[in-house]
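Some notes on the structure that comes next.
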Ligand code: SF4
Ligand code: SF4
């Protein structure tokens, strides 16, 4: 599962940056089209929920989602991993 911030809902309050144990949410620096500075995600693949939600069949951690006043945080399905051929030149 992939962690996402819905930019149409986020108001840039940065509450999510305070709660994540992995500090995945970092304060943003650039306003979007609505003038909102949305947090940026630092290596979101580390999120407990992204990694283990499928295995456990329920939301794990989820503190960021609980604290977000605008329901802007969610997880979406990712496409299955497609191995790609890599040519190694010696
Ligand atoms: S679910 Fe937990 S680990 Fe994942 S981004 Fe939110 S606060 Fe961080
Ligand atoms: S808590 Fe929600 S509304 Fe506030 S900055 Fe984070 S994603 Fe945006």
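Listing for the model above:
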quantity: Condition met for residue 57 (over 22 Å from residue 78 (Cβ atoms) and more than 8 Å from ligand 1 (Cβ to nearest atom)); calculated: no
quantity: Residue check, residue 52 part of a loop (DSSP other than H, G, I, E, B), within 11 Å of ligand 1 (Cβ to nearest atom) and surrounded by 11 or more Cβ atoms within 10 Å (Cβ to Cβ); calculated: no
quantity: Residue satisfying all of: in the range 2-38; under 27 Å from residue 81 (Cα atoms) and surrounded by 15 or more Cβ atoms within 10 Å (Cβ to Cβ); nearest to the chain's Cα centre (by Cα) among these; calculated: 3
quantity: Residue 77 vs. criteria under 14 Å from the mean Cα position of the chain (by Cα), modelled with pLDDT under 95 and loosely packed, with under 12 Cβ neighbours inside 10 Å; calculated: yes
quantity: Pairs with Cβ under 7 Å, 6+ apart, first in the range 54-74 and within 18 Å of residue 36 (Cα to Cα), second in a loop (DSSP other than H, G, I, E, B); calculated: 69/13; 70/9; 70/10; 70/11; 71/9; 72/6; 72/9; 72/10
quantity: Residue satisfying all of: in the range 56-68; assigned to a loop (DSSP other than H, G, I, E, B) and surrounded by 11 or more Cβ atoms within 10 Å (Cβ to Cβ); farthest from ligand 2 (Cβ to nearest atom) among these; calculated: 60
quantity: Complete set of residues in the range 1-21 that are at pLDDT 95 or above and part of a loop (DSSP other than H, G, I, E, B); calculated: 6, 7, 8, 9, 10, 11, 12, 13, 14, 20, 21
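The values are calculated or read from the model by the stated rules, or taken from the named source; none is laboratory data. Just so it is clear, the model here is predicted, and its values are computed rather than measured. Ideal geometry is used to build each Cβ from the backbone, glycine not excepted, and the neighbour counts take in all protein chains shown.
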